[in-house]
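The values are calculated or read from the model by the stated rules, or taken from the named source; none is laboratory data. Only a predicted model underlies this, so the values are computations on that prediction, with no experimental measurement involved. Note: ideal-geometry Cβ built from the backbone for every residue, glycine included; neighbour counts use all protein chains shown.
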Amino acid sequence: MRYVLIVLLVACSGEQKPTAPAGKATDDDCAFCDFFGGFNNQQEEEAETDSTSSEGGPDLIVQSPSVNDSTLTPGQEFTLHATVHNQGDEQAAATMLHYYRSNNATITASDTEVGTDAIDTLDASATSAQSIALTASVGVERYYGACVASVSGESNTDNNCSAAVRITVSGQETPEEKEDETTQDGTDGDIASGDDEADEDTTPDPSTRLLTHSGRGPRWSPDGQRIVFYSSRNGWWDIYSIDADGTNEIRLTTHETGEWAPTWSPNGGRIAFVSTRDGYESIHIMDSDGTNETRLTENYSQDGPPAWSPDGRRIAYVSSHRINNRESREIYVMDADGFNKKSITRHVDDWLPEWYPPAWSPDSQRIAFLSIRNSSIAIYVMDADGSNKKRLTQDNRSFDPAWSPDGTSIAYSSLHSVDDGLYEIYVIDADGSNKKRLTWAEGYDISPAWSPDGERIAFVSERDGDMEVYVMDADGLNEKRLTYGAGNDGNVPSSLAWSPDSDNQRIVFERDREEEIYLVEFVD
């Protein structure tokens, strides 16, 4: 399904706040919307991509599903049949059929997914019959059905889900089945997660756990033992840390003004963050237990989120200044103690988004950053002293630069084309050569995050309806869905961060609208 104004980390609307607030928290903060809103105000408007096309295109429906047996016992296998029909008058592109289990007779993409099937291209009036083997596991009455993912040019996407077929499961539920049902239905507050048929007790599946009901911007400590984040639970932003299992929460700041965007020093001993306690946004630093707090910048305007160099010696940030009644945002670098501040960009036409901190290369020698020059949003790289600037991407809009752990390449999300309006994940060598597209989904693919060993990339995708967390090999193969429900209710998972543990199988993320932080653990 396509959305007109989803770009990177959130489905943005004109009513949403642009950036994290300087001080008191509000209910509709959108850390990404400011950048896009600002860009759109400065650029010529482009044609919007409608969620449905004009009449005359393909039109996919799922005809009434059926089962081979509707009265089952726990553990009994059954087969769910569904047929995809293109009732339009143009060919439909290849897509995916998603099978769902529901607690009621209405099947939607928000129900519990139990499997998928690939659907090849369908000519006008053609059909594709599919089936999936399932196991009766919980509940005395359940409903099953399927939804087909929309395709480009589809004239009506409101009819892409089938009716429901009811099955009755007789017999006593086991304690394990009851626990599984609670998890999948989300009644304990967690997000259901897993692979195809995750709730059918087949193979080990991902486990997604709620760590805190109020938190944003999670970041791992270098030893993988603690997570720092910021929360508005008291009506303003403060910084907290918790153990990786969600216990032992510590409130690190207590100012009734606003502290946010915390990030660990590479040795884990200190935390840099943004504070408005002095009436403007400035960068502060404190010990990891909240003591020995010190202000590092005094811009009397806005200093964006800090980014530690991997060697721990320097901090980069975006600082906003007024020059000739015009706002100018430039990248600065300073020593970790706040001395030797230096502006390393000087481009009067730059529009640097303060919510996208500069990205250090693993060897601390180069910095990747976003900039608007020549009427496009592009990724640039430069040496850490500001020299040797080079435009890395030639795409119309590119975001989310993420260095590979070995520093040889950068993953990013980019608008594939104005025509389809979709973002995909790409990887490119650090010198701008060997660009490669990694994702090919009918939906937004954004926010790439490398695993510490460089073997995999986590990302956010809407290919299955909602925005969910996925993982793939670094070459784009072996895509695997990790979360089921993270994108419910308009949420967009963001701030993806891999644990530095050697197994590389834990990722924390936030749900932006709910202001919740989750941990997903998975196995291959």
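Where strands (runs of 3 or more DSSP E) sit wholly within the range 485-524, those with at least 1 residues that are under 21 Å from S404 (Cα atoms) occupy 493-498, 506-511. T276 fulfils the conditions (1) touching a Leu at 6+ places or on another chain (Cβ under 8 Å); (2) more than 22 Å from L496 (Cβ to Cβ); (3) polar (S, T, N, Q) except for a single criterion, (1). If you go through the range 240-269 and pick out every residue that is in a strand (DSSP E or B) and free of Cβ contacts under 8 Å to residues at least 40 places away in the same chain, you end up with 5. Of everything listed in (1) surrounded by 16 or more Cβ atoms within 10 Å (Cβ to Cβ); (2) at pLDDT below 95, the single unmet condition for T254 is (1).
Looking only at residues that are part of a loop (DSSP other than H, G, I, E, B) and buried (at least 18 other Cβ atoms within 10 Å of the Cβ) in the range 210-227, which one is modelled with the lowest pLDDT? So the residue we want is G215. Selection of the range 225-234 for residues being touching a strand residue (DSSP E or B) at 6+ places or on another chain (Cβ under 6 Å) and within 10 Å of G258 (Cβ to Cβ) yields only Y230. Of the candidates S376, S417, S398, the single residue that is farther than 24 Å from A497 by Cβ, touching a Ser or Thr at 6+ places or on another chain (Cβ under 9 Å), at pLDDT below 95 and among the small types (G, A, S) is S376. Taking every residue in the range 113-140 that is on the phi > 0 side of the Ramachandran plot and crowded, with 17+ Cβ neighbours inside 10 Å and pairing it with any residue that is at pLDDT below 85 and outside any strand (DSSP E or B), at least 6 positions away or on another chain, the pairs with Cβ-Cβ distances below 7 Å are G115/D196; G115/E197; G139/E181.
Cβ separations smaller than 8 Å between residues 6+ apart or across chains give the following pairs from the range 215-226 residues that are free of Cβ contacts under 8 Å to residues at least 60 places away in the same chain to residues that are in a loop (DSSP other than H, G, I, E, B): Q225/A244.
Each row is one residue, and each column tells you yes or no for (1) assigned to a loop (DSSP other than H, G, I, E, B); (2) free of Cβ contacts under 8 Å to residues at least 60 places away in the same chain; (3) not hydroxyl-bearing (S, T, Y).
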position	(1), (2), (3)
I425	no, yes, yes
N434	yes, yes, yes
E442	yes, no, yes
I446	no, no, yes
G454	yes, yes, yes
G465	yes, no, yes
V469	no, yes, yes
M472	no, yes, yes
D475	yes, yes, yes
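Residues checked against (1) outside the structural domain of G386 (by TED's automatic domain parsing); (2) under 18 Å from G217 (Cα atoms); (3) at pLDDT 95 or above:
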{"residue": "T276", "(1), (2), (3)": "no, yes, no"}
{"residue": "D287", "(1), (2), (3)": "no, no, yes"}
{"residue": "T291", "(1), (2), (3)": "no, no, yes"}
{"residue": "S301", "(1), (2), (3)": "no, no, no"}
{"residue": "A307", "(1), (2), (3)": "no, yes, yes"}
{"residue": "D311", "(1), (2), (3)": "no, no, yes"}
{"residue": "V318", "(1), (2), (3)": "no, yes, no"}
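Looking across the range 101-112 at every residue that is under 15 Å from A149 (Cβ atoms) and buried (at least 23 other Cβ atoms within 10 Å of the Cβ), the one that is farthest from the chain's Cα centre (by Cα) is identified as I107.
I need the full set of residues from the range 362-391 which are in contact with a Pro (Cβ under 8 Å, 6 or more places away or on another chain) and either closer than 17 Å to V427 by Cα or of a type outside the set (D, E) (or both), in order please. P362, S364, I367, A368, F369, L370, I379 - these are the residues of the range 362-391 that are in contact with a Pro (Cβ under 8 Å, 6 or more places away or on another chain) and either closer than 17 Å to V427 by Cα or of a type outside the set (D, E) (or both). Residues in the range 501-511 that are surrounded by fewer than 24 Cβ atoms within 10 Å (Cβ to Cβ) and closer than 23 Å to S413 by Cα: N504, Q505, R506, V508. From the set of residues in the range 484-509 that are among the hydroxyl-bearing types (S, T, Y) and within 11 Å of the chain's Cα centre (by Cα), which is farthest from P222 (Cα to Cα)? The residue in question is S494. Per this entry, Y230 is counted among residues that are touching a residue at least 40 places away in the same chain (Cβ under 8 Å), part of a strand (DSSP E or B) and within 16 Å of G290 (Cα to Cα). Each residue in the range 289-314 was checked for being surrounded by 19 or more Cβ atoms within 10 Å (Cβ to Cβ) and in a loop (DSSP other than H, G, I, E, B), and 6 of them qualify. For L482, the conditions (1) in contact with a Pro (Cβ under 7 Å, 6 or more places away or on another chain); (2) more than 23 Å from V114 (Cβ to Cβ); (3) crowded, with 19+ Cβ neighbours inside 10 Å are fulfilled apart from (2). Would a scan of the range 512-523 turn up a residue that is touching an Asp or Glu at 6+ places or on another chain (Cβ under 7 Å) and among the hydrophobic types (A, V, I, L, M, F, W, C)? Checking the range 512-523: at least one residue is touching an Asp or Glu at 6+ places or on another chain (Cβ under 7 Å) and among the hydrophobic types (A, V, I, L, M, F, W, C).
For the range 357-373, residues that are crowded, with 19+ Cβ neighbours inside 10 Å, farther than 12 Å from S398 by Cα and either modelled with pLDDT under 95 or more than 26 Å from the chain's Cα centre (by Cα) (or both) total 2.
If you go through the range 197-209 one residue at a time, do you hit one that is outside any loop (DSSP other than H, G, I, E, B) and modelled with pLDDT of 85 or more? Among the residues of the range 197-209, at least one is outside any loop (DSSP other than H, G, I, E, B) and modelled with pLDDT of 85 or more, which makes the answer yes.
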